[in-house]
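Right, one structure below, let's go through it.
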Amino acid sequence: LGSHILYLLVGHRANITRIDRDGCPIDPFHDGSGLDNEKYDSQNHLSEPGKLQPLRPFGSFRLSGPLDSMEIDPFVFNESLADAFTDADTKNSHVAATEVMHHIIELYARVKDQNGGSMDMDPPLSKDASPPEEITHKSTIWGDVLFENLLSKLCHCCFSKPWNHRSGAMAGLFKFMKKMGLTWSMQFEVEILHTAMFLVKDAPHGIAHASKDSLRFFLQVSWFFFGGPQSWKESSPLVHDVLCSTMSSKPVPLAEEIEGPFLVKQASLTLILSEIASTKPLVRFVVRHVLRLLARDSAIDSLLSNHVNSLKRLLFPKLLRTLPLPNQCACVDAIAFILEKAPTLIPIADQNLLAFLSELLKMISIADGEFSDTSFGSVVLIDKHGFGVNNGGEVTSQKRPTIRASSIFLRESIVLDDDSFGGRIQVPAELPLGVQLRVSTLLLFRGLIRGSSDEFYDADPQSKIGNIRPHVVALLFRSLISEPAEAVAASASALHDALILCVSNKDKGE
């Protein structure tokens, strides 16, 4: 049946027209001619100020001529194939769907070769391959309508099916991408990346293991498109998150920053950065991870240089204290990552950054009982133990359980390992919001000191930087006696680097 439909569509290619959501004809993947045709480009997802626009539909076609008189839509075959990937019978349905899909793709390749036509697909990447440095698109390599529609159906299943039926669709989609090859798949980079990001965002929060499959799929897709550090693929090391509380004999300097061009479309990068301050910790993690892949785990200043203004608008609210606690955690977490991996992107003397740091320090100090401020009247603050207090440092609840009730819904740390991406990726455990805010704050100041140690220690005591310095050091020492072990580890890591860099700074001065 699949072979018959393939021959039918290939033989009547002139009677198939791509259409948009309004039913208007478009010519996305061939050289357009005339004013009515518009050549598709993922960059069209961006408006002039660099904002991401709604993704355009793809894989929709209008049939004309003899195809229009048929009683059956030939694309129903793709719907059935996609449904088979999401069937509960994973043992039989998934295997059969994979075999059928591979057969159709291989048949299409043979038809192209026999007719002397160019192959629509490039050879699938081997498990050790990375994307080439430069890929040129020609009108002769665009995939045909059957496969474009199948990709659309598989992506639609990822959006529409319940979370516990998506694993087959994710597996089928990634197998399809590998079989079609990198060059063909890159036409749909933005759409596939958008699908992968949605799956991570939509994983149910109250089921700890539900996010594992979607996370694995995102790692597979990001490595397939962007590659990553060669050392991760060769030796498969345990890759920790950037924002982890590790300590070494001396702070590890960033790898030498690589120069562009980077292997990512601007629409894809905009999509990634739009989630850098997501209120969902796992989404923030995958954003950090894919940015590390793009920069080959070196500094990301050059990668983000064209997005400084949009990042400032996203990360620096007018008043941090007025944000809900999840948003506070997200902002602090994102800025901690920027200071750690892009130390020159937002310099320490930036007025937005200094205002943010001053307010954050004030919130932390009031919560720890260092002083009080009536202007924080109705604001709920978080103390060093991760519990809510009022503006006088007094506990809002008299009960402080040893085990937090929310912990039963929080995801434990997991390690993901797969031949399709490099390294063994350690995903940090999800923390209660109060603990997460304290940990992220400590790691933010660790990144600040690491990236701008000279400016931090050499600043005049009367300057804005010199004014916050003693409060930062006091915060690091205070947090060593916190109740949550994660906060203690973060403060120890930050203080360890702060003391080493302080001594190093004095030695250079002498």
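The values are calculated or read from the model by the stated rules, or taken from the named source; none is laboratory data. Predicted model only: the values in this text are computed from it and were never measured. Cβ: placed from backbone, ideal geometry, glycine included. Neighbour counts: every protein chain shown. When the accessible area is computed, the model is the full protein with side chains, heavy atoms only, and any ligands, DNA or RNA have been set aside. Shrake-Rupley method; radii C 1.70, N 1.55, O 1.52, S 1.80 Å.
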- Which one of these does residue 463 not meet: (1) modelled with pLDDT under 90; (2) of a type in the set (Gly, Ala, Ser); (3) exposed (fewer than 15 other Cβ atoms within 10 Å of the Cβ)? (1)
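A quick yes/no check of all residues on (1) at pLDDT 90 or above; (2) touching a strand residue (DSSP E or B) at 6+ places or on another chain (Cβ under 6 Å); (3) not in a loop (DSSP other than H, G, I, E, B):
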site	(1), (2), (3)
103	no, no, yes
132	no, no, no
150	yes, no, yes
156	yes, no, yes
169	yes, no, yes
172	yes, no, yes
198	yes, no, yes
- Residue that is open to solvent by 30 Å² or more (accessible area, probe 1.4 Å), modelled with pLDDT of 90 or more, under 21 Å from residue 356 (Cα atoms) and touching a Pro at 6+ places or on another chain (Cβ under 6 Å), where the choices are 469, 478, 450: 450
- Message: I'm told residue 256 meets every condition in (1) touching a strand residue (DSSP E or B) at 6+ places or on another chain (Cβ under 9 Å); (2) modelled with pLDDT under 90; (3) closer than 28 Å to residue 496 by Cβ; (4) open to solvent by less than 50 Å² (accessible area, probe 1.4 Å) except one. Can you identify the failing condition by its number?
- Response: (4)
- Task: May I ask you to list pairs of residues, at least six apart or on different chains, whose Cβ atoms are under 7 Å apart, with the first in the stretch 209-230 being within 16 Å of residue 424 (Cβ to Cβ) and the second being among the β-branched types (Val, Ile, Thr) and open to solvent by 10 Å² or more (accessible area, probe 1.4 Å)?
- Result: 212/414
- Considering the stretch 260-289, residues that are among the small types (Gly, Ala, Ser) and crowded, with 19+ Cβ neighbours inside 10 Å, and then whichever is nearest to residue 314 (Cα to Cα), we arrive at 277
- Message: For the stretch 483-495, which positions are open to solvent by 50 Å² or more (accessible area, probe 1.4 Å) and assigned to a helix (DSSP H, G or I)?
- Response: 485, 486
- Hey, residue 88 within 30 Å of residue 210 (Cβ to Cβ), in a loop (DSSP other than H, G, I, E, B), modelled with pLDDT of 75 or more and open to solvent by 30 Å² or more (accessible area, probe 1.4 Å) or not: yes
- Item | the stretch 406-428, subset part of a loop (DSSP other than H, G, I, E, B) and more than 26 Å from residue 233 (Cβ to Cβ), residue most open to solvent (accessible area, probe 1.4 Å) | 412
- Task: Please go through the stretch 384-405 and pick out each residue that is hydroxyl-bearing (Ser, Thr, Tyr) and either modelled with pLDDT of 65 or more or assigned to a helix (DSSP H, G or I) (or both).
- Result: 402
- Task: State whether the residues of the stretch 105-120 include one that is at pLDDT 85 or above and not hydrophobic (A, V, I, L, M, F, W, C).
- Result: yes
- Query: If you go through the stretch 460-503 one residue at a time, how many are closer than 18 Å to residue 336 by Cα, out of contact with any helix residue (DSSP H, G or I) (no Cβ under 7 Å at 6 or more places or on another chain) and not hydrophobic (A, V, I, L, M, F, W, C)?
  - Reply: 1
- Message: Just to be sure I understand the filter: pairs with C-beta atoms under 8 Å, separated by 6 or more residues or on different chains, first member in the stretch 372-384 and farther than 21 Å from residue 479 by Cα, second member of a type in the set (Ser, Thr, Tyr). Which pairs pass?
- Response: 379/322
- Take the residues of the stretch 325-358 that are outside any helix (DSSP H, G or I) and in contact (Cβ under 8 Å) with a residue 40 or more places away in the chain: which is nearest to the chain's Cα centre (by Cα)? 342
- Query: Mind checking which residues of the stretch 201-244 are within 25 Å of residue 342 (Cα to Cα) and β-branched (Val, Ile, Thr)?
  - Reply: 221, 239, 242
